[in-house]
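Worksheet: one structure, shown below.
The values are calculated or read from the model by the stated rules, or taken from the named source; none is laboratory data. Bear in mind that the values here come from a model prediction, so they are computed numbers and not experimental data. Note that we place each Cβ from the backbone using ideal geometry, even for glycine, and neighbour counts take in every protein chain shown. What goes into the accessible areas is simple: the full protein's heavy atoms, side chains included, and nothing from ligands, DNA or RNA. Shrake-Rupley method; radii C 1.70, N 1.55, O 1.52, S 1.80 Å.
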Amino acid sequence: MIGRLHGNAVNADGQENKLERDEADDHQRQDAHQSRPWPPTNQHCLKPVWLGGWFVGVRHKSIKTQIARKLRVNKHSAIESAVSLRRIFRSMASSRRQYPFHLIEPKWQQTWEQQQAFRAFNPGEEIPKNHPFATRHKLSGKVAATQLPPKFYILDMFPYPSGAGLHVGHPEGYTATDILSRYRRACGFNVLHPMGWDSFGLPAEQYAVKTGQHPRVTTEANIANFTRQIKSLGFSYDWSRELATTDVEYFKWTQWIFLKLYNSWFNPVTQKAESITIFEDVFSENPKRKTEWEKNLTLQVFHAKWTQESPAGKIQYQRDRINELRLAYVTEAPVWWCEQLGTVLANEEVVDGKSEVGGFPVKKKPMRQWMLRITAYAERLLADLNTIDWTDSLKEMQRNWIGRSEGAFVHFDATEQRNPNTTLLLSVFTTRPDTLFGATYLVLSPEHPHVNGLTTDAQRAAVEAYKIEVSKKSDLERTELAKEKTGVFTGSYTTNPVTNQEIPIWIADYVLASYGTGAIMAVPAHDTRDFEFAKKFNLPIVQVVEPPAGKDWQGFTEDGIAVNSGFLNGLPTREAKNAMLKRLEETQDGSKTINYKLRDWLFSRQRYWGEPFPIVWKKDAAGNLYHEALPESALPLLPPSLEDYKPTADGQPPLARAKDWLNLPDGSIRETNTMPQWAGSCWYYLRYTDARNAQSFVGKDADNYWMASNGKAAGVDLYVGGTEHAVLHLLYARFWHKVLFDLGHVSTPEPFFKLVNQGLILGEDGQKMSKSRGNVVNPDDVLVEYGADAFRLYEMFMGPLQDTKPWNTKGVEGVYRFLGRVWRLFVDEKAETAFEQAETLATEAQSHRELLDLILLDGGITDMDATPAQLKALHACIKKVTEDLDGMRFNTAISAMMMFINEAMTWQTKPLSVMKTFLQLLAPFAPHIAEELWARLHSTFGQTAISLAYAPWPKFDAALLVESEIELPVQVNGKFRDTIKVAVDADNATIEAAAKASEKVQQFIAGKAIKKVIIVPKRMVNLIVG
RNA sequence: GCCGGUGUGGCGAAAUGGCAGACGCACAGGACUUAAAAUCCUGGGACUAUAAAAAGUCGUGUGGGUUCAAGUCCCACCACCGGCACCA
């Protein structure tokens, strides 16, 4: 240690790199640095950078360390201060480019755009003769679906175009999907790979509130910036299908789908969404479609009751019943209100008692809201998870969110305190009906509707006080303070239907109003929460389950054997449940049921920048307000223009400010809520398949072709995006899709067959990227320095797509060097020098293409037969890259290409065919450099090139990979000792003999008996000696 | 608390039950150069031993197990990440 420290000190002239290591030793080194002048001088700590014999600056790397040391902080905190210095040095000391990506990349991006190279063609669409897709598949003109090649739909989760622009996390998924799109295209698929914008959203609206600028202006500027950034990465999107959820032509159809939801109900008999037009028949004197609904008990009852109503009553009754069943309905319920955001939020948008966006406090507030009846689909959303190829963790998250649990309703009766003749029915939900004998009290949530009726005069004050106390608590407090149970006795009793004993009824906030029936039967012996509560309030605890030997029955919540339970005694839990259910159903004291955690989707927001609801409110003769849908012909319903985007003074949404818009000539009033941001993202993947269709949200042919089942796969073949949408977007979109499927508008029951979540990219410091940490990497900066191909390659080389991994600029340099080696493998060195000189002298006017034409191919590339070794290297690479692409293992595919290049660098001659094939492998990953070299190879040898994007994917020849001789590892007693070379088809006797003959092996087997010889063909040999 | 995932060099990582650490970064040495950058070549798991080499021992979060053979399969535990959380 001392020696090294000494060494650093004496070598200070050029060895400062050592100083960067071992920062932990800093305190030991302080002395050595005390004498150094500040700011650091060239002599002591900076490497001069020379360019063409001129001193142009110093290496900036050391600066960070020097500043850090001076400030006595770690290197990363010093980054901020070093940033401006770094910028200066970068411009002064920019290193020589590995290859002219700055000319190549724009050139090919323009070429692709001019060719519309990545246009995906719909069935029946005119395919231009000269389009590379037409050339490849020998198709042109209008082509029917059956003649088109098989489709492959690869989708990215479209971004919200924020003002901050792209960060390096976005292109991670985009690069992966682009590579696969290009690969599938090469394999002959008709690839649909679109991009668009989830452009409704809060930031643009908040900016509008502050400045008065229309959100559309902000949004469009942001979209332009995102478009520029995304295009600079060379992704093969079909831009002709670009869409934004804020486009009038798009949200017209979002509103249209809302009308479908509004005009549909979930028929429990068919388990499908159906049109509410059936109710016209149900609510008529002479039903004509009675066969369609007479088996539905509910509808029968509706019809019977309706018949008995007065004419005025009939209208009201009909309206009420239909509104109760619509998939889109209005409710007055406590919802999450966020003062700062000025809007309500869905349950899912509230995290830890704060708004997910902005982290503002939220509170419950009763308000009139639009809801979507997603709960009707709970069972199908759950069951169909088994039909799709998502990760287990993601499916599990959705399963948990849906929260199916099987159990029973158990009914209890209690007398209303103020009307002793009235009996109140109290139903509870339980998953453990087998423990009913141990139910020693009931607990209602404080919000339960029967609490008032059950409270005795003696307890009224206590109950009221408790309710007020609870209502003051936020949900956060209610759960955070969960350790200590609270509650109050109502004064009422009920009877346990199996023990016939009187049991008290309590209220407590550990019972949630929103789950089950909002009431529970408490079995303190076998439920942790009930147990805590019973102990605190001295309620009786009765054992009814016998745990396995050695476990305490108190608080035992698992399965066991029923005891103290009358007719259940001796039955294991599973059987006891069934026996109890049977009994409850016989005595009509309860019934089997299934309960879900999933709740209906709160679908309205009090905002300006969202889709207005195509709904108006009217008053009937009796003065009752009711809602009515606008006709489809009224769509799109545009939001009004406003001067001020704030909510009104009396708390109405901003849309209420537009009086002209709000009030219709016939006296009706428009709905002023708007839809949440999720609405637009629920169906955008469908619109992409037919983005310019003016007649329909998506045409039948387009839907059938792009979304239809391809054998097992259905819908989008691959969907890539972040994990943050696991239960919001992905559940909502599945729900909408199923409704559209039920109503016959789409052909598949699930939208996304395969779904992959890309992992998070962390900053260089291993922390999540954030402005405040100053560790955000801007793709624009990376592109300027290393180019798009290196950027893409690095994003994929970092590690498996799904993993979280830190950014490392040095790693970008690594793949950039690899691309440099690829370039030098193909390009003549002298010509490149000439090119560089020309480039330095080039005027603005000189075109990039002319400059690039100065580049000549390396003379070693000739149109000759490849040697067996060269073919082997190539085909090993084809095999690995192909298999890894199929398995989405991009990092190992890239390393296979690196190995190929490392070997090819040593070749004296480079066969044209081998070099061309390698470029095809490289093309999906680094398309610009591959296209440039591909075109150059072809023109040099006087060949006409098919666009590399459509060149058929190479196939590997397994025969070329076969070795005549192979190396086998030899183990003795399971330990590796040596390798032997044997003929690939050597028999076991030969292999055994060769193994024993090895000198190294001899040392370990000499003088010992060989008990057993294990030979795994082409794998290894293991000699067992005693 | 429950569910899911991950633990491998200085770092990112790779390994159909069969030579652990491919590929890359960083680092070290060398070639080229007046010099630097760039490029090219070589070497790097740890430890023991040695002038050097050969060689040996240990090594994939921890502890057990299965197997001729375990990073990989089984059991128990620990740590970290993500999700859910008084859901009856």
A:A461 fails exactly one of (1) open to solvent by 10 Å² or more (accessible area, probe 1.4 Å); (2) out of contact with any strand residue (DSSP E or B) (no Cβ under 9 Å at 6 or more places or on another chain); (3) within 16 Å of RNA strand B (Cβ to nearest atom); (4) over 30 Å from A:Q340 (Cβ atoms), namely (3)
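Quick grid of which residues meet (1) touching a strand residue (DSSP E or B) at 6+ places or on another chain (Cβ under 8 Å); (2) surrounded by 18 or more Cβ atoms within 10 Å (Cβ to Cβ):
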{"residue": "A:G715", "(1), (2)": "yes, yes"}
{"residue": "A:L718", "(1), (2)": "yes, yes"}
{"residue": "A:G722", "(1), (2)": "yes, no"}
{"residue": "A:L728", "(1), (2)": "no, yes"}
{"residue": "A:L740", "(1), (2)": "no, yes"}
{"residue": "A:V746", "(1), (2)": "no, yes"}
{"residue": "A:F752", "(1), (2)": "yes, yes"}
{"residue": "A:G759", "(1), (2)": "yes, yes"}
{"residue": "A:E764", "(1), (2)": "yes, no"}
Looking at A:L851, is it open to solvent by less than 50 Å² (accessible area, probe 1.4 Å), of a type in the set (A, V, I, L, M, F, W, C), more than 10 Å from RNA strand B (Cβ to nearest atom) and at pLDDT below 85? yes
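Taking the stretch A:937-993 on its own, how many of its residues are of a type in the set (K, R), surrounded by fewer than 17 Cβ atoms within 10 Å (Cβ to Cβ) and within 16 Å of RNA strand B (Cβ to nearest atom)?
Within the stretch A:937-993, the subset of a type in the set (K, R) is A:955, A:975, A:977, A:981.
Right, trim to surrounded by fewer than 17 Cβ atoms within 10 Å (Cβ to Cβ) and you get A:955, A:975, A:981.
Now restrict to residues that are within 16 Å of RNA strand B (Cβ to nearest atom): A:975, A:981.
Total satisfying the criteria: 2.
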Kindly provide the set of residues from the stretch A:491-547 that are free of Cβ contacts under 8 Å to residues at least 24 places away in the same chain, in a strand (DSSP E or B) and farther than 18 Å from A:K577 by Cα, ordered by number. A:E502
Quick check on the stretch A:609-618. Is at least one of its residues more than 28 Å from A:L341 (Cβ to Cβ) and more than 35 Å from the chain's Cα centre (by Cα)? yes
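Could you tell me which of the residues A:T440, A:T387, A:T435, A:T455 is surrounded by fewer than 17 Cβ atoms within 10 Å (Cβ to Cβ) and in contact (Cβ under 8 Å) with a residue 24 or more places away in the chain?
Details: A:T440 fails: surrounded by fewer than 17 Cβ atoms within 10 Å (Cβ to Cβ); A:T435 fails: surrounded by fewer than 17 Cβ atoms within 10 Å (Cβ to Cβ); A:T455 fails: surrounded by fewer than 17 Cβ atoms within 10 Å (Cβ to Cβ).
One residue alone meets the criteria, A:T387.
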Could you check, for the stretch A:865-884, whether at least one of its residues is assigned to a loop (DSSP other than H, G, I, E, B) and under 25 Å from A:M796 (Cα atoms)? no
Do we find that A:L155 is open to solvent by less than 10 Å² (accessible area, probe 1.4 Å) and under 30 Å from A:R607 (Cβ atoms) in this structure? yes
In the stretch A:374-433, what count of residues is obtained for those that are within 12 Å of RNA strand B (Cβ to nearest atom) and either basic (K, R) or not in a helix (DSSP H, G or I) (or both)? 18
Please determine, by comparing only the residues of the stretch A:698-716 that are outside any helix (DSSP H, G or I) and of a type in the set (A, V, I, L, M), which one is modelled with the lowest pLDDT. A:A713
May I ask you to list the residues in the stretch A:637-650 that are without any contact (Cβ under 8 Å) to a residue 40 or more places away in the chain and surrounded by fewer than 18 Cβ atoms within 10 Å (Cβ to Cβ)? A:P640, A:L642, A:T648, A:A649, A:D650
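I need a count of the residues in the stretch A:995-1017 that are aliphatic (A, V, I, L, M), under 15 Å from A:T979 (Cβ atoms) and more than 55 Å from the chain's Cα centre (by Cα). Spell out the reasoning first.
Going residue by residue through the stretch A:995-1017, those that are aliphatic (A, V, I, L, M) are A:995, A:997, A:1001, A:1005-1006, A:1009-1010, A:1013-1016.
Right, trim to under 15 Å from A:T979 (Cβ atoms) and you get A:995, A:997, A:1001, A:1015-1016.
Now drop any that are not more than 55 Å from the chain's Cα centre (by Cα), which leaves A:997.
Number satisfying all stated conditions: 1.
State which residue is farthest from the chain's Cα centre (by Cα) when the search covers only the stretch A:293-315 and only residues that are open to solvent by 60 Å² or more (accessible area, probe 1.4 Å) and in contact (Cβ under 8 Å) with a residue 24 or more places away in the chain.
It comes out as A:A312.
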So, A:V545, is that one open to solvent by less than 80 Å² (accessible area, probe 1.4 Å), more than 11 Å from RNA strand B (Cβ to nearest atom) and not small (G, A, S) or not? yes
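Can you report the number of residues in the stretch A:94-123 which are outside any helix (DSSP H, G or I), surrounded by 15 or more Cβ atoms within 10 Å (Cβ to Cβ) and more than 16 Å from RNA strand B (Cβ to nearest atom)? Let's see the steps before the verdict.
Residues of the stretch A:94-123 that are outside any helix (DSSP H, G or I), as a first pass: A:94-100, A:116-123.
Of the ones still in play, those that are also surrounded by 15 or more Cβ atoms within 10 Å (Cβ to Cβ) are A:97-100, A:117-123.
In the following step, the residues that additionally are more than 16 Å from RNA strand B (Cβ to nearest atom) were identified as A:117-123.
Number of matching residues: 7.
Residue by residue, here is whether (1) farther than 28 Å from A:V350 by Cβ; (2) within 13 Å of RNA strand B (Cβ to nearest atom) holds:
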residue: A:S445; (1), (2): no, yes
residue: A:S471; (1), (2): no, no
residue: A:D509; (1), (2): no, yes
residue: A:A525; (1), (2): yes, yes
Restricting to the stretch A:565-601, and then to whatever is surrounded by 14 or more Cβ atoms within 10 Å (Cβ to Cβ) and among the acidic types (D, E), can you tell me which residue is nearest to A:N496 (Cα to Cα)? A:D589
Just for the stretch A:868-898: of the residues that are touching a residue at least 40 places away in the same chain (Cβ under 8 Å) and open to solvent by 60 Å² or more (accessible area, probe 1.4 Å), which one is farthest from A:R185 (Cα to Cα)? A:P868
